[in-house]
Every structure is written in C-alpha cells, then in structure tokens.
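The values are calculated or read from the model by the stated rules, or taken from the named source; none is laboratory data. Here the structure is a predicted model, which means the values were calculated and not measured. For neighbour counting, all protein chains shown are included, and Cβ atoms are generated from backbone atoms with ideal geometry for every residue, glycine included. Surface accessibility is based on the protein's heavy atoms, side chains included, excluding ligands, DNA and RNA. Shrake-Rupley method; radii C 1.70, N 1.55, O 1.52, S 1.80 Å.
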Amino acid sequence: MARPLATTMLFVLAAGLVLENAAAGDRELGEYLSTECVTCHRGSGGAQGIPKIAGWPEDQFIAVMNAYKDKQRDNPVMQTIAGRLEAGDIAALAAYFKTQK
C-alpha cells in the first residue's frame, strides 16, 4: 500500500532532524575534529592575536564559525576551515570547546 505524500514527507523530515541532532553537541566528535583547531588556538590563548576558544559558550562559537563560513568575518584561513565544516561538525566543536578550560 502506498503511503500518502504527507506521511512520507513527515517521516523524511523527522529522520533528518534525528540525524542532525545526533551530531549536534557530540563532544567526542568535537574532540576528534579539534586537532586542527588547537594547532593555532592554544589553550593559553592570545598567541599572535589568535584568541583562546576554550570555554566559549556554544551559541557564540556556532555564530562565529557560521560568520566565517558565510564570509561575513574576514580571515581567509578561518573561512577555509569553517567552509569545510557541516552544521553538525560546528555544533560538535562548540560542545567540545565549551567544556575545555
């Protein structure tokens, strides 16, 4: 029996939300992805004008990364890095760095 279109679309939407939320806030994924970040953003912070990102609130981290991704903030290195990240990756990094001191 064929599913009505509305039921099928609701199922697809719900499945997409589940997959998106599965990656959101995944601190282990964030820790894995952070290896590139900590090359420049050292725990001590402030080196050569590079800010410390450990302890940032998740919403602030996500907003800044999205601004780089959308090229609203000017930094070619950060634009490139953020441009490669999916929304779930950014959320995972935000969750990880929030817990760092």
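Considering the range 86-101 alone, what residues qualify as being under 16 Å from GLN60 (Cβ atoms) and either open to solvent by less than 30 Å² (accessible area, probe 1.4 Å) or among the basic types (Lys, Arg) (or both)?
ILE90, ALA91, ALA92, LEU93, ALA94, ALA95, PHE97, LYS98
Can you run down the residue pairs with Cβ atoms below 6 Å, 6 or more apart or on separate chains, where the first is in the range 30-42 and within 9 Å of LYS52 (Cα to Cα) and modelled with pLDDT under 95 and the partner is open to solvent by less than 30 Å² (accessible area, probe 1.4 Å) and of a type outside the set (Phe, Trp, Tyr)?
HIS41/ILE53
Any residue at all in the range 8-28 that's more than 16 Å from the chain's Cα centre (by Cα), of a type outside the set (A, V, I, L, M, F, W, C) and at pLDDT 80 or above?
No, the range 8-28 contains no residue that is more than 16 Å from the chain's Cα centre (by Cα), of a type outside the set (A, V, I, L, M, F, W, C) and at pLDDT 80 or above.
Looking at the range 62-81 only, could you name the residues that are in contact with a Phe, Trp or Tyr (Cβ under 6 Å, 6 or more places away or on another chain) and touching a residue at least 24 places away in the same chain (Cβ under 8 Å)?
Selection gives nothing.
I need a count of the residues in the range 75-101 that are modelled with pLDDT under 95 and either under 13 Å from the mean Cα position of the chain (by Cα) or charged (D, E, K, R) (or both).
So the count comes out to 1.
Residues being loosely packed, with under 12 Cβ neighbours inside 10 Å and in a loop (DSSP other than H, G, I, E, B): count how many of those fall in the range 52-74.
4
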